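Engineer: For reference, the structure I am asking about is given below.
The values are calculated or read from the model by the stated rules, or taken from the named source; none is laboratory data. Just so we're clear, the structure is a prediction, and the values are computed from it rather than from any experiment. Neighbour counts run over all protein chains shown; Cβ positions are idealised from the backbone, glycine included.
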Amino acid sequence: MNWSKVHLIMIREARDQLRDRRTLFMIAVLPLLLYPLIGMTFLQVAQFMKEHPTRIWVIGSGGLPEDPPLLEEKAFARALFDDPDQARLMELTIEPGSIARQALVTQAAQEAVSAGDFDAVVYFPPDFGPRLQELRARIEAGGRPHGEPAELAKTIEALPQPIVYYNTAKDKSRIARARVADMLHRWREGVVAQTLVNRSLPVEAAQPFKVAATDVAQDSGRRAAVWAKVLPFVLMVWALTGAFYPAIDLCAGEKERGTLETLLSSPAERNEIVWGKLLTVMFFSIVTAVLNLVSMGLTGGFILAHIQGSTTGGGILQIGPPPLLCIFWLLLALLPVAALFSALSLALAAMARSTKEGQYYLVPLLLCSTPLMVLPVLPAAELDLGTSLIPVSGVMLLLRRLIEGEHLEALKYALPVVAVTAGCCLLAIRWAVEQFNNEHVLFRESERFELGRWLLHLVRDRSETPSAAEAVLCGVLLLLIRFFASFLLPLPSGWNAFAVTTVIVQLAMIATPALMMALILTRSPGRTLLLQMPAPAALPAAVLLAVMLHPLATVLREAVQILYPLSPQTLSQLAPIQQAIEQAPGLLSLILVLALVPAFCEELAFRGFILSGLRHMGSKWGAIILSSVLFGVTHGLLQQSLTAFAMGVVIGYVVVQTGSLLPAILFHMVHNGLGILASRMTVETVRATPATQWLLRQSGDHYVYDWPVLLVCGILAALLLQWFRQLPYQATLEEKLHDALAHQSARAAAR
Amino acid sequence: MIHVRELTKTYADLRRGQFVALAGVTFDALPGQVYGLLGPNGAGKTTALRILSTILRPSGGTATINGHNVLTQPSLVRHQIGFVSANTAVYDRMTAAEMVEYFGRLYGLPESLLQDRMHMIFQRLQMEEMRDLLGAKMSTGMKQKVSIARALVHDPPVLIFDEATVGLDVLVARSLQQTVSDLREQGKCIVFSTHIMREAERLCDRIAIMHRGHILAEGTLSQLREKHGEEDLEELFFQLILRHEQQQAA
């Protein structure tokens, strides 16, 4: 790739955007105007956002104790309020006489609240006041029947209860209920306090201690906590919005204006064009996000100062500006996120024939990315292995940790977050380049879509092996089936149930969909599933490679578990499966269910249909890695997925080099088989077989490989992989073309 | 200079299945020659020229330009050609000079050479007055001039004009034809597609008559007249198409 051409294209595109009034308005004018306008509106509306009084109907207040009083002159007693002015917020209509039949009161209250005559109704039953008085009198007179506290408790229990009627469907009614409940609560405390006083007991007897809370957060920490939640969200939303509009103009807009073909016929390569446009879109995404942030910060600062100034008179901004380090982390995180959103927007916009069509694609993009941006803002969201692997969310959570100053914790998850973000960015950029290389996307003509014709076309015009899109569809289908099956399948109650479930899942939910798709969507299922003999030496080589890699796989699995341990909940969920496996009648049945069946079924799907299809992307390693990601994800448990991904890459490489599925099945079978054997290693079995004693050493309650074994196996595995590397692999047409183009670019760059 | 052998292009189409836009087209165009592709709309002219300019990839066959393969060496091919088509518009928010300069830089021309080339082209195409005019403010004729200047800036040995006179008034079309003639005099190899008989007659040294992805006849104008015993090109064109339709129907 020639970066001077990328630079030229970027400068031209950026200048073109800056000459466009719409873009200028979106990125510069809108943020600078929007927030002051929102601020002005907020201040205007705030004048009217005062607390409104609620109307309350009090029934049966006649017999209530006067000491302390609940009501005073058609209002709640002033002593019940911290701020006596608050009394005006409750307009009371008092009915001293009570009604004995509660059903009548309920009906009347329901009607009054529904009709809006009152927001809440408080009902004191007729004997509530007298009975309360009687109880107090007994207590005050030292009337607690000696040795009979149970009787007093019964008396209190039998005391009729006041009732507050309200309507949850009405906001005002809910507010009225909260206010009334607060009044009754305060009055009850008053009654208790007065009773104690009358009995010559200190008031503190009812509240022997109070809880004092002291905030130990430093000022900067408090500020960081506030900003850590708000800023990443605002930044992400505007990074996406700022990327989308220029992307549409640079792709769909160019198609519409007829200049795309001019650019395509220029000496710039497609990837240079994409990078040039991508950097432009990224620039606008970053500028939009930063300008919005600055404008929002300034306006928000002034408004906060105004509000706090008018309430406390100090005019000091209590929240204060975000710490400097926080801004540094934000800008650092903005780069990959803007790159990701820009590449996604560009790839989507490339599909659109017109700017109008392009704008339709904004909604699905927003729908997919909003949950990722909202998830980290939720109070329960924490940075852990699971969340760190979610694109965008992981970055935001990591960012929060960094802003909060928890650098060590952040560092622990930095690797998965960076890996996932970089992976997503690369995939998105790759997708955008693919879109620009795809004639069907660039020169798409409007054609009426009909499901029937499309299905017919899939079968009628099928090729020898599946397309990359069909391979991805197969992977997604397997994931969906697995997702729904996990809810429907019961937890195994014993070995037999476990064995039956595992075999059914493997055969019906992994192998069958892949086989069906190969039969329906390809002209040569045999070639698709690579059902052919490899070079004879490849089979023993695959077995040997699986054996040599087993120690390394064990170390990898242990490392993953140490770094990201399984949670107690996950362990308890896995316990029935572990028990079922322990109940297995013998080694043979274990190997059949956990090694043989998965080796056949998973290889048919992942290295058969999916890898064959993905190789039409034109990149051998891209296909291997993507198929391994899908293979890893179907393993469900994240910790397992990571090791499955690594094994998937090795098996994928073996398949591509040998052009056959058989070595893959053998490798998979031996790998799983060794895992089963290793899990059954006990002190007795190791003692009984002397050969294992110099291979393994005890570590805690289980055995691990000795490090010389690891070293030797690692070297032998590398030699075996080297042997696979020299096999003459069958490149697909796309891979050959890709290589030829890369060769040409390399020569051009060398010149 | 241009060698096209059995070039095919097929598209997947929901309604028609595999649609053949180009069915094994073969021709050669030489330097100092205007090679005309004459055919009605949908004949496959644009598809063929888009493949030659590496915008589309062929489904089969080969095409080489100055020895470079369009499929495997697209970047080298693009350095050899200047492509002007009804679909290659000029940028609205760029001036004539900026646009030509931009493409010159993309071709990697050294700055002094680029300025010389621009000066020469602007003078030859009488574009000096519109140097600083934005694309959005230009007339159709002006835009076409900028497109030609953009295609000529790197002095390519091969020029491809695809329906370049569509939408132009008689005066501008005549001026474009004159430019093409001048380029031929300079020894350029030119492929010129059109559906206008008069234009083909006046301009082209060799003509390929295309219909539904096939070349029905190919040769110099006199060879075509002699072979088919018809003096009038339009009549000859109709007869060839009619015969092809009858053969297809049979």
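Engineer: Which is more than 14 Å from chain B (Cβ to nearest Cβ) and at pLDDT below 90, of A:D20, A:D82?
Structural biologist: Only one candidate passes the filter, namely A:D82.
Engineer: Say we look at the stretch A:441-469 and pick out the residues that are within 21 Å of A:L348 (Cβ to Cβ) and more than 8 Å from chain B (Cβ to nearest Cβ); which of these is modelled with the lowest pLDDT?
Structural biologist: Step by step, filter the stretch A:441-469, then rank; the result is A:S446.
Engineer: Among the listed residues A:G297, A:G301, A:G242, which satisfies the condition of being assigned to a helix (DSSP H, G or I), more than 12 Å from every other protein chain (Cβ to nearest Cβ), closer than 26 Å to A:L24 by Cβ and without any contact (Cβ under 8 Å) to a residue 24 or more places away in the chain?
Structural biologist: A:G301
Engineer: Filter the stretch A:342-364 down to residues that are surrounded by fewer than 20 Cβ atoms within 10 Å (Cβ to Cβ) and assigned to a helix (DSSP H, G or I), then give me how many there are.
Structural biologist: Qualifying residue count for the region: 9.
Engineer: So, in the stretch A:520-557, how many residues would count as being out of contact with any strand residue (DSSP E or B) (no Cβ under 7 Å at 6 or more places or on another chain) and closer than 30 Å to A:L491 by Cα?
Structural biologist: Selection size over the stretch A:520-557: 5.
Engineer: Please go through the stretch B:91-113 and pick out each residue that is in contact with a Leu (Cβ under 8 Å, 6 or more places away or on another chain) and more than 9 Å from chain A (Cβ to nearest Cβ).
Structural biologist: Matches in the stretch B:91-113: B:T95, B:A96, B:E101, B:G104.
Engineer: Name the single residue that is farthest from the other protein chains (Cβ to nearest Cβ) among those in the stretch B:72-90 being in a helix (DSSP H, G or I) and of a type outside the set (V, I, T).
Structural biologist: Step by step, filter the stretch B:72-90, then rank; the result is B:Q80.
Engineer: Any residue in the stretch A:21-40 that is buried (at least 19 other Cβ atoms within 10 Å of the Cβ) and of a type in the set (D, E, K, R)?
Structural biologist: Checking the stretch A:21-40: not a single residue is buried (at least 19 other Cβ atoms within 10 Å of the Cβ) and of a type in the set (D, E, K, R).
Engineer: Name the residues in the stretch B:75-100 that are among the charged types (D, E, K, R) and buried (at least 23 other Cβ atoms within 10 Å of the Cβ), would you?
Structural biologist: B:R78 - this is the single residue of the stretch B:75-100 that is among the charged types (D, E, K, R) and buried (at least 23 other Cβ atoms within 10 Å of the Cβ).
Engineer: Now a separate question. Would you confirm whether any residue within the stretch A:544-557 is surrounded by 15 or more Cβ atoms within 10 Å (Cβ to Cβ), without any contact (Cβ under 8 Å) to a residue 12 or more places away in the chain and more than 13 Å from A:N672 (Cα to Cα)?
Structural biologist: Within the stretch A:544-557 (the criterion being surrounded by 15 or more Cβ atoms within 10 Å (Cβ to Cβ), without any contact (Cβ under 8 Å) to a residue 12 or more places away in the chain and more than 13 Å from A:N672 (Cα to Cα)), the answer is no, since none of the residues qualifies.
Engineer: If I go through the stretch A:118-168 residue by residue, how many of them are among the basic types (K, R) and at pLDDT 80 or above?
Structural biologist: Within the stretch A:118-168, residues that are among the basic types (K, R) and at pLDDT 80 or above number 3.
Engineer: Still on this structure, I have one more. More than 14 Å from chain B (Cβ to nearest Cβ), touching a residue at least 40 places away in the same chain (Cβ under 8 Å) and not in a helix (DSSP H, G or I) - does that describe any residue in the stretch A:46-53?
Structural biologist: Taking every residue of the stretch A:46-53 in turn, at least one turns out to be more than 14 Å from chain B (Cβ to nearest Cβ), touching a residue at least 40 places away in the same chain (Cβ under 8 Å) and not in a helix (DSSP H, G or I).
Engineer: Quickly run through the stretch A:101-125 and pick out the residues that are in a helix (DSSP H, G or I), surrounded by 13 or more Cβ atoms within 10 Å (Cβ to Cβ) and among the aliphatic types (A, V, I, L, M).
Structural biologist: Hits for the stretch A:101-125 are A:V105, A:A108, A:A109, A:A112, A:V113.
Engineer: Can you pull out the strands (runs of 3 or more DSSP E) entirely within the stretch B:1-68 that have at least 2 residues that are farther than 28 Å from B:E199 by Cα and modelled with pLDDT under 90?
Structural biologist: Counting at least 2 such residues, we get B:2-13, B:17-29.
Engineer: One residue is enough: does the stretch A:620-630 have a residue meeting the conditions under 27 Å from A:T512 (Cβ atoms) and surrounded by fewer than 20 Cβ atoms within 10 Å (Cβ to Cβ)?
Structural biologist: Checking the stretch A:620-630: at least one residue is under 27 Å from A:T512 (Cβ atoms) and surrounded by fewer than 20 Cβ atoms within 10 Å (Cβ to Cβ).
Engineer: For the stretch A:434-499, which helices (runs of 4 or more DSSP H) that fit wholly inside it have 3 or more residues that are aliphatic (A, V, I, L, M) and over 31 Å from the mean Cα position of the chain (by Cα)?
Structural biologist: Passing ranges, in order: A:451-460.
Engineer: Being modelled with pLDDT of 80 or more and in the same structural domain as A:T280 (by TED's automatic domain parsing) narrows it down to one residue among A:G358, A:G314; which is it?
Structural biologist: A:G358
Engineer: Could you check the stretch A:250-294 and list, in sequence order, the residues that are closer than 16 Å to A:I429 by Cβ, over 27 Å from the mean Cα position of the chain (by Cα) and away from every other protein chain (no Cβ under 13 Å)?
Structural biologist: A:C251, A:V274, A:W275, A:K277, A:L279, A:T280
Engineer: Being part of a helix (DSSP H, G or I) and farther than 17 Å from B:T179 by Cα is the filter; apply it to the stretch B:114-133 and report the residue that is farthest from the other protein chains (Cβ to nearest Cβ).
Structural biologist: Step by step, filter the stretch B:114-133, then rank; the result is B:E129.
Engineer: Quick one: is B:A151 in contact with a strand residue (DSSP E or B) (Cβ under 8 Å, 6 or more places away or on another chain) and at pLDDT below 90?
Structural biologist: no
Residues are listed down the side, and each one gets a yes or a no for (1) surrounded by fewer than 11 Cβ atoms within 10 Å (Cβ to Cβ); (2) in the same structural domain as A:E72 (by TED's automatic domain parsing); (3) closer than 28 Å to A:L89 by Cβ:
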position: A:F128; (1), (2), (3): no, yes, yes
position: A:A141; (1), (2), (3): yes, yes, no
position: A:I163; (1), (2), (3): no, yes, yes
position: A:Y166; (1), (2), (3): no, yes, yes
position: A:R177; (1), (2), (3): no, yes, yes
position: A:V191; (1), (2), (3): no, yes, yes
position: A:T195; (1), (2), (3): no, yes, no
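Engineer: Would you point out the residue of the stretch A:80-118, among those that are in contact (Cβ under 8 Å) with a residue 24 or more places away in the chain and charged (D, E, K, R), that is nearest to A:I163 (Cα to Cα)?
Structural biologist: A:E95
Engineer: Within the stretch B:1-40, which residues are buried (at least 22 other Cβ atoms within 10 Å of the Cβ) and either within 14 Å of another protein chain (Cβ to nearest Cβ) or acidic (D, E) (or both)?
Structural biologist: Within the stretch B:1-40, B:K9, B:L22 qualify.
Engineer: Given the conditions (1) free of Cβ contacts under 8 Å to residues at least 40 places away in the same chain; (2) buried (at least 18 other Cβ atoms within 10 Å of the Cβ); (3) farther than 19 Å from A:L642 by Cβ, and given that A:P371 satisfies all but one, which numbered condition is not satisfied?
Structural biologist: (2)
Engineer: When you go through (1) farther than 21 Å from A:N292 by Cα; (2) of a type outside the set (A, V, I, L, M); (3) within 14 Å of chain B (Cβ to nearest Cβ) one by one for A:E66, which number turns out not to apply?
Structural biologist: (3)
Engineer: For A:Y729, state whether it is in contact with a strand residue (DSSP E or B) (Cβ under 8 Å, 6 or more places away or on another chain), in the same structural domain as A:P534 (by TED's automatic domain parsing) and not hydrophobic (A, V, I, L, M, F, W, C).
Structural biologist: So A:Y729 fails the test.
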